[in-house]
1. Name every residue in the range 175-214 that is open to solvent by 60 Å² or more (accessible area, probe 1.4 Å), in contact with a helix residue (DSSP H, G or I) (Cβ under 7 Å, 6 or more places away or on another chain) and part of a loop (DSSP other than H, G, I, E, B), in order of residue number.
2. Restricting to the range 371-389, and then to whatever is at pLDDT 65 or above and in a helix (DSSP H, G or I), can you tell me which residue is surrounded by the fewest Cβ atoms within 10 Å (Cβ to Cβ)?
3. Do the conditions hold for H147, that is, is it touching a Leu at 6+ places or on another chain (Cβ under 9 Å) and in contact (Cβ under 8 Å) with a residue 40 or more places away in the chain?
4. Select from the range 354-370 the residues that are within 11 Å of A312 (Cα to Cα) and open to solvent by 10 Å² or more (accessible area, probe 1.4 Å) and list them in ascending order.
5. Across the range 131-157, what is the number of residues that are farther than 19 Å from A44 by Cα and among the aromatic types (F, W, Y)?
6. Check every one of the helices (runs of 4 or more DSSP H) wholly within the range 87-174 and list those with 2 or more residues that are touching a Ser or Thr at 6+ places or on another chain (Cβ under 7 Å), of a type in the set (S, T, N, Q) and closer than 26 Å to C5 by Cβ.
7. So which of L133, L155, L140, L146 ends up being in contact with a strand residue (DSSP E or B) (Cβ under 6 Å, 6 or more places away or on another chain) and either open to solvent by 10 Å² or more (accessible area, probe 1.4 Å) or at pLDDT 95 or above (or both)?
8. From the set of residues in the range 68-87 that are more than 16 Å from T280 (Cβ to Cβ), without any contact (Cβ under 8 Å) to a residue 60 or more places away in the chain and out of contact with any helix residue (DSSP H, G or I) (no Cβ under 7 Å at 6 or more places or on another chain), which is least open to solvent (accessible area, probe 1.4 Å)?
Amino acid sequence: MPALCRDCLETFNDARRCPACRSPRVTSHPELYNLSIAHMDCDAFYASVEKRDNPEIRDKPVIIGGGRRGVVSTACYIARIKGVRSAMPMFQALKLCPEAVVVKGRMDTYVEVSKQIRALMEDLTPSIEPLSLDEAFMDLTGTARLHGKPPAVMLASLVKRMREEIGITGSIGLSHNKFLAKIASDLEKPRGFSVIGAAETVEFLSDKPVRMIWGIGEVGQASLNKAGISTFADLRRWEKDALQDRFGSMGERLWHLARGEDHRAVKRNRAVKGVSNETTFNDDIASTDLLDGHIWRMAEKVSDRLKAKGIAGRTVTLKLKRSDFKLITRRSTLPDATQTADRIYSMARALFDRMDHPKPYRLLGVGVSDLIAEDQADREGNLLDPQEAARIKAERATDAIRDRFGSDAILKGRALR
């Protein structure tokens, strides 16, 4: 059976240890060298970056998130053993793991590390479909002739380079389609390398829970359970027409996934629908001045992300959650697209001023959508605000200074509120 050492990249016939370096990190599979659709998922990405940059917390449980009123963005595997999970309220996470080190996220740093990882992927194949900063699909079909090695070896080389050159670990899922590759990447985390071959697909899936289907949330899971479907074997017993009658347009997809069929191609330019940022306050806020400071900071973060991606957007959205948990969303469309913090803030603040404010707020968010390329942005002047062009020019100059001297080199006064 074909086998691969993930430490020294030696290939050989099936063995428990690598005959070259004696490492036990061996992956073997009958179809190991015949599969080319992969999913790479970094291991606890944000927490891993923080541990890499701060060796003092390397062996401690780490939670990335806000204060006690916020939620967990991600947690390292030590914290996960204690039950901490992404999107969990921070107060609950700290009850489960009171010794955890809580770190406020550094999105600019995570974006930069993501770019470094993406550059390593580009060395393997141009067919890359990012899902987020820390995970992506790759299609390595036809690359064996280019690299002189099968895709499996190149994927093992990728995560080896990530660890050695960037200091971040990742897990690989290798299969014959995207659905199965994503499932495989979760099987042996962290630092996993799992393979699901075509010949074993149906048998592999049979006893697996249908919650493994990407996109099936709690509501979808409840609907499936109500129909008596908890495993893929249960799902496979249904006729296609019956699934369509019961679950609508989702029914046909479920029928194919029950058999491990997924004909979606890896698409390099998957459309980004919007860019946003939000924060949950430690204490409810009613002060307009304090909320204004948060609106500016959210607008600035969204602007930074748009600039990093080389895109701009026309529609600005303001999201607020009151102390009674009522969610309020307002949006408005600009005459032309923008990526500047000044224009995003101005529109978000205008949306805020049009609202009634009978109760304090516990959450605030700002987002931009209707995205286009940045070279089409900020072309029209604002007749109602003749100083806008000067502020945009000043913002561009500020960006250049921050690129050279760091993100804290220049701060606006309202950012300190």
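The values are calculated or read from the model by the stated rules, or taken from the named source; none is laboratory data. Just so you know, these numbers come straight off a predicted model, no measurement behind them. Virtual Cβ from ideal backbone geometry, glycine too; neighbours counted across all protein chains shown. Just the protein is used for accessible areas: all its heavy atoms, side chains included, with ligands, DNA and RNA removed. Shrake-Rupley method; radii C 1.70, N 1.55, O 1.52, S 1.80 Å.
1. P190, D207, W214
2. Initial filter on the range 371-389 (at pLDDT 65 or above): 371-378.
When the remaining residues are screened for being in a helix (DSSP H, G or I), the result is 374-376.
Details: E374: 16, D375: 8, Q376: 11.
Looking at the filtered set, the residue picked out is D375.
3. Against the criterion (touching a Leu at 6+ places or on another chain (Cβ under 9 Å) and in contact (Cβ under 8 Å) with a residue 40 or more places away in the chain), H147 does not qualify.
4. Initial filter on the range 354-370 (within 11 Å of A312 (Cα to Cα)): 368-370.
Across the range 354-370, the qualifying residues are S369, D370.
5. So the answer is 0.
6. Details: elements: 90-96, 107-122, 144-147, 151-161.
No helices (runs of 4 or more DSSP H) qualify here.
7. On the way: L133 fails: in contact with a strand residue (DSSP E or B) (Cβ under 6 Å, 6 or more places away or on another chain); L140 fails: in contact with a strand residue (DSSP E or B) (Cβ under 6 Å, 6 or more places away or on another chain); L146 fails: in contact with a strand residue (DSSP E or B) (Cβ under 6 Å, 6 or more places away or on another chain).
After ruling out the rest, the residue left standing is L155.
8. Among residues in the range 68-87 that are more than 16 Å from T280 (Cβ to Cβ), without any contact (Cβ under 8 Å) to a residue 60 or more places away in the chain and out of contact with any helix residue (DSSP H, G or I) (no Cβ under 7 Å at 6 or more places or on another chain), the one least open to solvent (accessible area, probe 1.4 Å) is A79.
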